[in-house]
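To start, the structure under review is shown below, and the notes come after it.
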Amino acid sequence: MKTPNIALAATAGALTLLTSACATYISPPPVAQPDPALLAVLNRHVTNDCNPQTAAVLTGMHLPADNIRGFNYGIYRDEYRDTIVRWDGWVYLKDQPGALVVTLDEDCRPIQIYAREGAKLPGGR
């Protein structure tokens, strides 16, 4: 008779719990047709193929274009393939410290949006 491997079963259970917890907290951000004024502000700060998708997320969050004081991207590379695997769009606002961060995958698909360094998401999210 085979005895069950308790350590293996516990690890599998913990991994399932962790995965489901992450899926609960990281959900795609709301998107909307990009506001042309918001897209223009992003384009003034940095030229990037992901700007329309970033603007779509910011429009979906109801962020007014005239509240952006700065914007740039951070990139994450796969060092083995030498390709970009993720973009973080850092949005600096006029009315608060810190930044909103829009995370996009390598194809510019939105993954999440969150606030850093004292910023708050529009609408109290």
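Read the figures in this text as sums done on the coordinates, not as results from a lab. As the structure is a prediction and not an experimental result, all values here were calculated from the model. Cβ sites come from the backbone with ideal geometry, for glycine too, and all protein chains shown count toward neighbours.
Only residues that are surrounded by 15 or more Cβ atoms within 10 Å (Cβ to Cβ) and under 14 Å from the mean Cα position of the chain (by Cα): list them for region 72-92, please.
Selection gives Tyr73, Trp87, Asp88, Gly89, Trp90, Val91.
Which of the residues that make up region 102-125 are farther than 19 Å from Ser27 by Cβ and touching a Gly at 6+ places or on another chain (Cβ under 6 Å)?
Glu117, Gly118, Ala119
Determine whether Ala99 is within 19 Å of Pro28 (Cα to Cα), of a type in the set (A, V, I, L, M, F, W, C) and touching a Pro at 6+ places or on another chain (Cβ under 6 Å).
Numbers: within 19 Å of Pro28 (Cα to Cα): yes; of a type in the set (A, V, I, L, M, F, W, C): yes; touching a Pro at 6+ places or on another chain (Cβ under 6 Å): no.
No.
Can you go through Ile84, Ile111 and tell me which one is aliphatic (A, V, I, L, M), over 19 Å from His62 (Cα atoms) and out of contact with any helix residue (DSSP H, G or I) (no Cβ under 6 Å at 6 or more places or on another chain)?
Ile84
Of all residues in region 28-53, which are small (Gly, Ala, Ser) and either in a helix (DSSP H, G or I) or over 17 Å from Gly123 (Cα atoms) (or both)?
Ala37, Ala40 - these are the residues of region 28-53 that are small (Gly, Ala, Ser) and either in a helix (DSSP H, G or I) or over 17 Å from Gly123 (Cα atoms) (or both).
Give the residue that is farthest from Asn43 (Cα to Cα), with candidates limited to residues of region 54-78 that are free of Cβ contacts under 8 Å to residues at least 24 places away in the same chain and assigned to a strand (DSSP E or B).
For region 54-78, the residue satisfying everything is Asp78.
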